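The values are calculated or read from the model by the stated rules, or taken from the named source; none is laboratory data. Here the structure is a predicted model, which is why all the values come from computation and not from measurement. A quick note on method: Cβ atoms are made from the backbone with ideal geometry, for glycine too, and the neighbour counts reach across all protein chains shown.
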Amino acid sequence: MAEITAALVKELRERTGAGMMDCKRALIDRNGNMESAIEFLREKGLAAAAKKSSRIASEGLVDSYIHAGGKIGVLIEVNCETDFVAKTDEFKQLVRDLAMHIAAQNPTYVSSKEIPDEIVAKEREILRAQALNEGKPEKIVDKMVEGRIEKFFAEVCLLDQPFVRDTDITVGALITSKIASIGENINVRRFARFVLGEGLEKRVHDIAAEVAALQK
């Protein structure tokens, strides 16, 4: 069996957010293979998260993140079960990372459950027409549309997007790993992203006209 060093355990913990003992057990189970141990912890994390997903999460934090010299701002509310967890550095860092991700990736919804049915139906209609226009056989079009609708969700839904600081996992998987390590249910309730001047008419400078006016 490969030697399970403290450095290996530390690296696995940093990459997954799981507890130290869980990381050690995963590495032992997978004979020191880092990627296999990550897969092991994700599988266990999903199981742990499923048990906690029905718990009431009404505590948490509202946090903000300002980027690009004050030109992009994010407000986010993330809920957990207890005020104790809300005050921990691990939870605060998660909230900050989520706000930073939203600033960078500009999701529209928290999850696909929030997308109005008419928008999903319209997107399916467009994707189906695209597939048919590409000359795809009718019998495989529906399967193609389902694959492409998942890509659409990954573009507009926070939980489905690849996490900006580790694109090997989605934001949803990141939260799942934190549920497993922290031991409480965690939900992103809502967020808002602001871009300076977004939606406003931009002033256009006509330098020649301004100079001509000054000469009159």
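Filter the range 133-144 for residues that are surrounded by 14 or more Cβ atoms within 10 Å (Cβ to Cβ) and among the aliphatic types (A, V, I, L, M); which is farthest from residue 198 (Cα to Cα)? Please lay out each step first, then the result.
Within the range 133-144, the subset surrounded by 14 or more Cβ atoms within 10 Å (Cβ to Cβ) is 136, 141, 144.
Those left that are additionally among the aliphatic types (A, V, I, L, M): 141, 144.
Values: 141: 37, 144: 35 Å.
If we take residues in the range 133-144 being surrounded by 14 or more Cβ atoms within 10 Å (Cβ to Cβ) and among the aliphatic types (A, V, I, L, M), then 141 is farthest from residue 198 (Cα to Cα).
Take the residues in the range 170-201 that are among the aliphatic types (A, V, I, L, M) and out of contact with any helix residue (DSSP H, G or I) (no Cβ under 8 Å at 6 or more places or on another chain); name whichever of them is farthest from residue 99 (Cα to Cα). Give the derivation first.
Keep residues of the range 170-201 that are among the aliphatic types (A, V, I, L, M), which gives 171, 173-175, 179-180, 182, 186, 188, 192, 195-196, 200.
Those left that are additionally out of contact with any helix residue (DSSP H, G or I) (no Cβ under 8 Å at 6 or more places or on another chain): 192, 195-196, 200.
Details: 192: 9, 195: 14, 196: 17, 200: 24 Å.
For the range 170-201, the residue satisfying everything is 200.
With the condition kept exactly as written, say whether any residue in the range 171-193 is loosely packed, with under 14 Cβ neighbours inside 10 Å, of a type in the set (Val, Ile, Thr) and part of a strand (DSSP E or B).
The answer is no; no qualifying residue exists.
Pick out, from the range 28-128, the helices (runs of 4 or more DSSP H) lying fully within it that include 2 or more residues that are outside the structural domain of residue 191 (by TED's automatic domain parsing) and loosely packed, with under 13 Cβ neighbours inside 10 Å. Reasoning before the result, please.
Numbers: elements: 34-52, 83-86, 89-105.
Passing ranges, in order: 34-52.
Sort out which residues of the range 59-104 are farther than 22 Å from residue 160 by Cα and of a type in the set (Phe, Trp, Tyr), and write them in order of number.
Matches in the range 59-104: 84 only.
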